[in-house]
Amino acid sequence: MKLTGEHRYLLQSVKDWFGQPKQVAHYEAELEQGPTEAERALLDRLPAGAAVLDVGCGAGRISLALARRGCTVTGVDVSGLLLAAASAKAEGVRGVQFRQVEGAELPHGEAVYDAALLFKVYGYLPTRELRADYLRRLCTLVKPGGVCLLTQHVVPEDAMGDARDETFTENPASRFRILEEGDTFPGGTGYIRWFTERELLQELSASDYVLERFASDEPHGGAGLLRLAVLAKSAGDGYGLSSGLSP
C-alpha cells in the first residue's frame, strides 16, 4: 500500500524512540536473558536448521538464541544502534545476520523462510490497513507450510481510554486523521497501538494466514497480558508449534 505522510511520521517516531540511549541500554541489558518461558513455548518447536526471519530483532535477544540452536536467522530492525549492539554480540556466532530496514519495509524474496517472528512488534504499525498489508507481504516471504509466530500485549476493554492521557495532545501527531482508538504516544513521544484481545484476534483472523492458536502467556509464567499467536501459511501445516499451547 502507499504510505501517507502521516504513516511515515508515525513510523519515524517509532524509529526515533528506539534510537534513544535509554532504549538501547534497556534492550542490551535484556539480551543476556534469552527467550522467556512464553516465547520458548513457541520457539522450542522450531527445528534446528530452520530459516527464520526475526522482525524487530532489536539487540538480538531472540535471533542469537536461535542461531546458537542451529537455526539460520536474519534479524531486521529500524534501529541502527540496536543492530550495532546485536552485531557486537554476534561475533563468533554462526548462522545469523542483521539488517536495518526502514518503516514498514521487509526484505525482498518469496518463500524464503520457514518461520517469521513478530515479537511485540505488531503494535508499532499504524492503521489496520497497513498492518494487514504488512502481514500479507510477510506471508509471501514464508514457505508453504511455514508459520508466523507473533506475540503482542493486550489491554482490558475498559482501559482503552487510558491510551489518550494528558501527554497525548502534546504530540503534533494527535491531530492526524489516520489515528485509531488505542493509538498512543509513550511518554508523549514514540508511537504504539494498544489492542484489546478482541481487536487483536479479529485482525489476525482476517490475515492471509490460518490462525492455528491464540493463547495467553499466563500458563507460561506471564501476567496474562501477552497473547501468543501461531499463524500457519496453510491449514494444518507448520512445525506443530501450536500443539503445546493452551487455547
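Table for the structure above
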read-out	value
Residues of segment 2-22 classified as under 15 Å from T127 (Cα atoms) and among the basic types (K, R), total	2
Odd one out for S216 among (1) among the hydroxyl-bearing types (S, T, Y); (2) more than 28 Å from C71 (Cβ to Cβ); (3) at pLDDT 95 or above	(2)
Residues satisfying the stated conditions in segment 1-23, i.e. crowded, with 19+ Cβ neighbours inside 10 Å and hydrophobic (A, V, I, L, M, F, W, C)	L10, L11, V14, W17, F18
Residue that is exposed (fewer than 15 other Cβ atoms within 10 Å of the Cβ) and either hydrophobic (A, V, I, L, M, F, W, C) or in contact with a Pro (Cβ under 8 Å, 6 or more places away or on another chain) (or both), where the choices are A159, A132	A159
Any hit, segment 96-104, residues being of a type outside the set (F, W, Y), under 19 Å from G49 (Cα atoms), buried (at least 20 other Cβ atoms within 10 Å of the Cβ) and out of contact with any Leu (no Cβ under 6 Å at 6 or more places or on another chain)	yes
Which numbered condition S87 misses (of (1) closer than 22 Å to K15 by Cβ; (2) in contact (Cβ under 8 Å) with a residue 40 or more places away in the chain; (3) surrounded by fewer than 20 Cβ atoms within 10 Å (Cβ to Cβ); (4) among the polar types (S, T, N, Q))	(2)
Pairs where the first residue, in segment 103-127, is more than 20 Å from D16 (Cβ to Cβ) and among the charged types (D, E, K, R) and the second is part of a loop (DSSP other than H, G, I, E, B) and modelled with pLDDT of 95 or more, C-beta under 6 Å, 6+ apart	D114/A50
Count of residues meeting criterion [within 20 Å of E37 (Cα to Cα), of a type in the set (A, V, I, L, M, F, W, C) and part of a strand (DSSP E or B)] in segment 200-228	4
Pick from segment 171-199, criterion charged (D, E, K, R) and assigned to a loop (DSSP other than H, G, I, E, B), ranking: surrounded by the fewest Cβ atoms within 10 Å (Cβ to Cβ)	R177
Residue that is part of a loop (DSSP other than H, G, I, E, B), hydrophobic (A, V, I, L, M, F, W, C) and under 16 Å from L150 (Cα atoms), where the choices are L42, L46, L53	L46
Inter-residue pairs, beta-carbon under 7 Å, first more than 19 Å from L138 (Cα to Cα) and in segment 199-228, second of a type in the set (S, T, Y) and surrounded by 19 or more Cβ atoms within 10 Å (Cβ to Cβ), 6+ apart	G224/S216; L226/T151; R227/T151; R227/S216
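The values are calculated or read from the model by the stated rules, or taken from the named source; none is laboratory data. Predicted model, so just to flag it, every value in this text is computed and none were measured. Heads up, the Cβs are rebuilt from the backbone with ideal geometry, glycines too, and the neighbour counts pull from every protein chain shown.
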